[in-house]
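The values are calculated or read from the model by the stated rules, or taken from the named source; none is laboratory data. Please read these numbers as outputs of a predicted model, since none were measured by experiment. Counting neighbours? That spans all protein chains shown, and the Cβs are built from the backbone with ideal geometry, glycine included.
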There are 2 protein chains.
Amino acid sequence: MVAEIICVGTELLLGDIVNTNAQFLSRELAELGVTVLHQHVVGDNPDRLRALVQEAKGRSDLLVFSGGLGPTADDLTKETVAQAFGDTLRFDEAEWQKIVAFFARTGRAPTQNNRKQAMVPVRGRKLPNAHGTAPGAWFEDEAGHAAALLPGVPREMKAMWAEDVRPLLEARQNCTIRSMTLRVLGGESSIASKVAPLFESANPTAAIYCKVGESEIRVTARAATAAEAEAACRARVAEFQKILGDSAYDVDVPGLAHTVVRLLRERGLQAATAESCTGGLVAQLLTEVPGASEVFGYGFVTYAAAAKTRLLGVDPALIDRYNVVSAPVAAAMARGALAASGAGLSVALTGLAGPGGALPGKPVGTVYLAGADARSGRVQVMRLDLGGYRDRGVIRQRAALYALDLLRRMALGLPMEGAVTLKPGQPAPEL
Amino acid sequence: MVAEIICVGTELLLGDIVNTNAQFLSRELAELGVTVLHQHVVGDNPDRLRALVQEAKGRSDLLVFSGGLGPTADDLTKETVAQAFGDTLRFDEAEWQKIVAFFARTGRAPTQNNRKQAMVPVRGRKLPNAHGTAPGAWFEDEAGHAAALLPGVPREMKAMWAEDVRPLLEARQNCTIRSMTLRVLGGESSIASKVAPLFESANPTAAIYCKVGESEIRVTARAATAAEAEAACRARVAEFQKILGDSAYDVDVPGLAHTVVRLLRERGLQAATAESCTGGLVAQLLTEVPGASEVFGYGFVTYAAAAKTRLLGVDPALIDRYNVVSAPVAAAMARGALAASGAGLSVALTGLAGPGGALPGKPVGTVYLAGADARSGRVQVMRLDLGGYRDRGVIRQRAALYALDLLRRMALGLPMEGAVTLKPGQPAPEL
């Protein structure tokens, strides 16, 4: 099946907003095994829209629209597509009552214009919108071409896609689709080289998406039943996990902080953070997770050297001797955070996020990471400058991700590559 | 002038990446007074590309391409567009030497395929790429139609747009363009109602972009000379500032934290933060700004009640009596941060970011904000739930923005709407 995506909206043509709907729909269609050869954006202009629909219908089996379902007079997408598919529209009393009720909930009354939002296909079908006023529409012609019309608001569009359009397309393709997202620490190229053969498979498919310091591997299985698709998906994810080892940290989570909070909660552990170069980013990531208060109570942002001494008890002589950006100071910060908070685990970061501040032998991107618990400590040096490209934000994000990974590894008792282990009280070496 | 944007790339059709290039180019063209009626995405397929180019050229004066300039055999955008514009390509030795040198810098050698990247228009002109290997191209036909070909990598594309294409288009339109971005605290609707007439103007134009808790107003002036455009832009920005007052906080900055760091530095002030519900976000925003260490040394993330007592000296009796989410505790946190850090200014936040944890009379979205300096304190309660829509991330972001605004207002001696002023030692009221 070949599809095109048509997004309708002046705000897209003016560059007021970025077109995330096209990305979402493209990825979903790819997972369904549908080939997308064109994406378009047009304004609310019936002539241009009509010309585009005719042309797209001539070369593609499925047209997916977002936007253009609003109440104003220029919103003529539904009328235009109905005509192209030889269908007409009728007023739907039930949809109208939903619109009236929707307005009533927010203390307003619908206008006469809103009545056109209650128009639905006569031969095609309406697509209910549980999150907004405008229902979507599905049109089909005798030749088997189809069109799905969805609202432009991403939240409404995504919900209607998942609830209505995707099942329709699965039925057309006689299959069920299940996707899982494996999250893996490390860059796309290092990961892809290890698991390249698994990306060649036609079913389940796998795609890799690169993020800062980590990657997502999205596995999608198609099968006759949901249970088979689910099983195929799980089996393929397990193959990835086996090859990638403990760098594959979780499945279907928004990010590493969620995994860390879950692991700490499961083990009844409390963590504390001591941050210099990341300036609160690790604490912020942990507390983004609902329920973080069960596992995190104390975060120290010791951006000044004096703060490291005053809040974490770092010996000023250590700072004088090794500099604040050093392994001994990172280790002392982690131990100090443990003592000052009473937590069972701690992580500490001190480094050079740039753009200025490079030291002899310590270029921008040099970051020291330490962790401590009652039994031991770990400390390591990281070079986070990406082959000469030094971006303050990226260095901070990557450093924070490593700190979260260290918390994960301490909670699970896993080793951390490149880290030196310290016994309680043992001074950290220069690294 | 009417333009269309054509983005070439399979990764866009698969939904691997979001099309930020289309947004950037649309906005730039709008500022130049060029009307964009269509955006397209196509793959690296010469037939489909040729059909699209013919069609687009038939209805638009200018085609702007991004992507498709890579070294692989399917990257045929340059050849296809050259043909449509009656031009041919020649091998450019100088561009080839740049490519060779670029590879040498990263320790690699170019392949034979890279030679096609050194092909440039015979009649049109090449667009130099200072940030990557592939030069862009500019084609023109006798009828005055033009095409600009830019790489798909956003950093390269944006630089080449600013350095080459934009000046060419300004010259075509006999004008110079200057834009300035005014940043304003508050929502789009409350701002737009105050300054609506200024958005009607044809030159300078103004557009408003809504962000979390604030908006950007982008003013664009067109004039015969750069100095005139600059002056018209400044004058219009001043009109906006006059109407919007101190909610318009700065011009051409990435965000409020940059303004706060600059103001604190100018005044020789040090700030400290004490955060509960935002969990380090305020500290993180401040330290994102290069040079923040001059004005920020201490951040306290006191997520647990005990941390508020242990690190900030908040009286446990106060917590028992009023709850940790209360004005008296926020005020005590701000005072405690001042004492524990030696800073001249402090801000503190305690609130309910959700999703759980609502208290009687304190729904999710209730956040208490306090500030302190040696002479006085301020405290206020905020309802950040956006009419029933409670998003943990949005509540935290809005709370952090208010905290930064309080720092700004304390540094400038401006009042904060809704805040109660406290004398040193005066207990904070329940709010």
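All of (1) under 18 Å from the mean Cα position of the chain (by Cα); (2) in a helix (DSSP H, G or I) hold for B:T220 with one exception: (2). Residues that are within 11 Å of chain B (Cβ to nearest Cβ), touching a helix residue (DSSP H, G or I) at 6+ places or on another chain (Cβ under 7 Å) and among the aliphatic types (A, V, I, L, M) are absent from the range A:215-230.
Considering (1) touching a residue at least 40 places away in the same chain (Cβ under 8 Å); (2) more than 9 Å from chain A (Cβ to nearest Cβ), the lone condition that B:T273 does not fulfil carries the number (2). Of the candidates A:A137, A:A159, the single residue that is modelled with pLDDT of 90 or more, more than 14 Å from every other protein chain (Cβ to nearest Cβ) and surrounded by fewer than 21 Cβ atoms within 10 Å (Cβ to Cβ) is A:A159. For the range B:271-301, what are the residues that are polar (S, T, N, Q) and in contact with a strand residue (DSSP E or B) (Cβ under 6 Å, 6 or more places away or on another chain)? Passing the criteria: B:T273, B:S276, B:T278. Annotation: of all residues in the range B:324-338 being part of a loop (DSSP other than H, G, I, E, B) and not hydroxyl-bearing (S, T, Y), the one that is farthest from the other protein chains (Cβ to nearest Cβ) is B:V325.
Restricting B:L386, B:L369 to residues that are closer than 22 Å to A:G280 by Cβ and of a type outside the set (S, T, N, Q) narrows the list to B:L369.
Across the range B:108-123, the number of residues qualifying as farther than 12 Å from B:A137 by Cα, of a type outside the set (S, T, N, Q) and surrounded by 18 or more Cβ atoms within 10 Å (Cβ to Cβ) comes to 2.
Table: residues versus (1) small (G, A, S); (2) modelled with pLDDT under 95.
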residue	(1), (2)
A:L256	no, no
A:A274	yes, no
A:C277	no, no
A:L312	no, no
A:V324	no, no
A:A343	yes, no
A:S346	yes, no
A:G357	yes, yes
A:L369	no, no
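Tell me yes or no: at least one residue of the range A:280-294 is outside any helix (DSSP H, G or I), surrounded by 22 or more Cβ atoms within 10 Å (Cβ to Cβ), within 14 Å of chain B (Cβ to nearest Cβ) and in contact with a Leu (Cβ under 6 Å, 6 or more places away or on another chain). Within the range A:280-294, not a single residue is outside any helix (DSSP H, G or I), surrounded by 22 or more Cβ atoms within 10 Å (Cβ to Cβ), within 14 Å of chain B (Cβ to nearest Cβ) and in contact with a Leu (Cβ under 6 Å, 6 or more places away or on another chain). Reported count of residues in the range A:89-107, each being touching a helix residue (DSSP H, G or I) at 6+ places or on another chain (Cβ under 9 Å) and surrounded by fewer than 13 Cβ atoms within 10 Å (Cβ to Cβ), is 4.
For the range B:380-389, the count of residues that are at pLDDT below 95, of a type in the set (K, R), surrounded by fewer than 22 Cβ atoms within 10 Å (Cβ to Cβ) and more than 29 Å from A:R310 (Cα to Cα) is at least one.
Among the residues of the range B:239-268, none is identified as under 20 Å from B:A339 (Cα atoms), surrounded by fewer than 24 Cβ atoms within 10 Å (Cβ to Cβ) and either within 14 Å of chain A (Cβ to nearest Cβ) or of a type in the set (S, T, Y) (or both). When the residues of the range A:309-323 are narrowed to those that are out of contact with any helix residue (DSSP H, G or I) (no Cβ under 6 Å at 6 or more places or on another chain) and not hydrophobic (A, V, I, L, M, F, W, C), which ends up farthest from the other protein chains (Cβ to nearest Cβ)? Here the residue is A:R321.
Inspect the range A:307-323 for any residue being in contact with a Pro (Cβ under 7 Å, 6 or more places away or on another chain) and either surrounded by fewer than 17 Cβ atoms within 10 Å (Cβ to Cβ) or outside any helix (DSSP H, G or I) (or both) and give the result as yes or no. No, that holds for no residue.
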